[in-house]
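Readers should treat all values here as calculations from the given coordinates under stated rules, not as data from a laboratory. Predicted model only: the values in this text are computed from it and were never measured. We place every Cβ from the backbone using ideal geometry, glycine too, and count neighbours over all the protein chains shown.
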Amino acid sequence: MELKQVVAFVTGGASGLGEATVRRIVNDGGKAMLLDLAVERGEQLASELGGNALFQKMDVCSPEDVQIALERTIQEFGHVNVVMNCAGIATAEKVLGKKGPHALESFSKTLQVNLIGSFNVIRLAAAQMVKNVPNAGGERGVIISTASVAAYEGQIGQAAYSASKGGIVGMTLPIAREMAGHGIRVMTIAPGLFETPMSDSLPEEAHKSLGSMIPFPSRLGYPEEYALLVRSILENPMLNGTAIRLDGAIRMQPR
């Protein structure tokens, strides 16, 4: 896919990995609709990036919100040919903690936002993508979701988070196989330890400690490096139906 032809629908687009992706797409000549619940930050970023970026408040778990946002994107930019699922939440809770068993509500909410929210966006966006005119290679669109290395090496306290991210990895291939007939590629990125709003609240020593766990480079990943992989996936039509680890060779320990 030519980067200048990209019209991206980016969830979690107001910060972290989503923000970096929006910036990369717009800087490469594409257009982006950034979706988030953080209205002030989203509007500020869209204003900073100019007319090729717009903001829409959206809850990934709401079919109505997603449909309205898709319709606005098509109205403003003509079509949608890239979906970036970057919205997500993290939960740290043991199955048997000091306060008793893991709260079922927090487990359900994590899956609802991370897994079901991603699928909600995929299913509704795919219904629009199939209407696109294919490019010279027969491609109508690209869908990229965000998992985590926790999908493979979940730590103690990450049962809910790992389940939600493992689900994203698990659904990548079957959706890619189904979408192949429509010329839509489906990929997942599984980041390791990255600098995001969730890590920004940690003390500097904690940052260094986390970074030292990564073989090379021994630091937290930069959101811009995630965005570079997004660009590579968009440009390479043979990348389809798999999850790519972006982790500096880290393999998470139990705790």
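Return the FRET efficiency for the residue pair ALA90, LYS4: r is the Cβ-Cβ distance, R0 is 25 Å, and the value is rounded to the nearest 0.05. Numbers along the way, then the final one.
On the way: r = 35 Å, r/R0 = 1.38.
With a Förster radius of 25 Å, E is 0.10.
If I model a spin label as a point 7 Å beyond the Cα along the Cα-Cβ vector, how far apart are those points for LEU228 and GLU48 in nm?
It is 2.0 nm.
Give the separation of the Cα centroids, the range 1-57 to the range 61-103, in Å.
After rounding, the separation between the Cα centres reads 16 Å.
Would you mind ranking THR188, THR242 by Cβ crowding within 10 Å, fewest neighbours first? Present the calculation step by step, with values, prior to reporting the outcome.
Numbers: THR188 28, THR242 12.
Sorted ascending by nearby Cβ count, the order is THR242, THR188.
Note down the magnitude of the dipole of the chain about its Cα centre, charges +1 on Lys and Arg C-beta and -1 on Asp and Glu C-beta and zero elsewhere, to the nearest 20 debye. Don't skip to the end; give the middle numbers.
Working: 23 positive and 25 negative charges, 135 e Å.
Around 640 debye, computed over the chain.
Kirkwood hydrodynamic radius (Cα pairs, Å) of the range 116-255? Could the numbers behind the result be given before it?
Values: mean 1/r = 0.0616 Å⁻¹.
Over the range 116-255, the inverse of the mean reciprocal pair distance is 16.2 Å.
Dipole of the range 94-209, Cα-centred, from +1 at each Lys and Arg C-beta and -1 at each Asp and Glu C-beta, to the nearest 20 debye? Don't jump to the answer; show the numbers that get you there.
On the way: 11 positive and 8 negative charges, 84 e Å.
Dipole size: approximately 400 debye.
Just want to confirm a number: the relative contact order over the range 1-48, from Cα pairs under 8 angstrom separated by 6+ residues, in percent.
Numbers: 69 pairs, mean separation 20.0, N = 48.
Once normalised by length, the contact order is 42 percent.
Once you put a point 7 Å from the Cα of GLU71 and another 7 Å from the Cα of GLU153, both along the Cβ direction, what distance in nm separates them?
4.7
Nothing charged except the Cβ atoms of Lys and Arg (+1) and of Asp and Glu (-1): what's the magnitude of the dipole of the range 44-110 about its Cα centre? Round to the nearest 20 debye. List each step's numbers first, then the result.
Values: 6 positive and 8 negative charges, 96 e Å.
So the dipole magnitude of the range 44-110 works out to roughly 460 debye.
Work out how much length SER106 to ASN236 would gain on full extension: take 0.36 nm times their residue separation and subtract the Cα-Cα distance, in nm to one decimal. Don't jump to the answer; show the numbers that get you there.
Numbers: separation 130, 0.36 × 130 = 46.80 nm, distance 3.79 nm.
Residue separation times 0.36 nm, minus the Cα-Cα distance, leaves 43.0 nm.
With the cut-off at 22 Å, tell me which of the pairs LYS109/LYS165; LYS57/LYS109; LYS4/LYS131; LYS94/LYS208; LYS4/LYS57 have Cα atoms farther apart than that. Kindly include the intermediate steps, with their values, before the conclusion.
Numbers: LYS109/LYS165 13 Å; LYS57/LYS109 19 Å; LYS4/LYS131 20 Å; LYS94/LYS208 25 Å; LYS4/LYS57 25 Å.
From the list (LYS109/LYS165; LYS57/LYS109; LYS4/LYS131; LYS94/LYS208; LYS4/LYS57), the Cα-Cα distance tops 22 Å for LYS94/LYS208; LYS4/LYS57.
Pick out which of GLY97, GLY88, GLY181 has the largest mean-square fluctuation in a Gaussian network model of the chain, springs linking Cα atoms closer than 10 Å.
GLY97
Return, for the Cα atoms of the chain, the radius of gyration and Dmax in Å, separated by a comma.
17.7, 59
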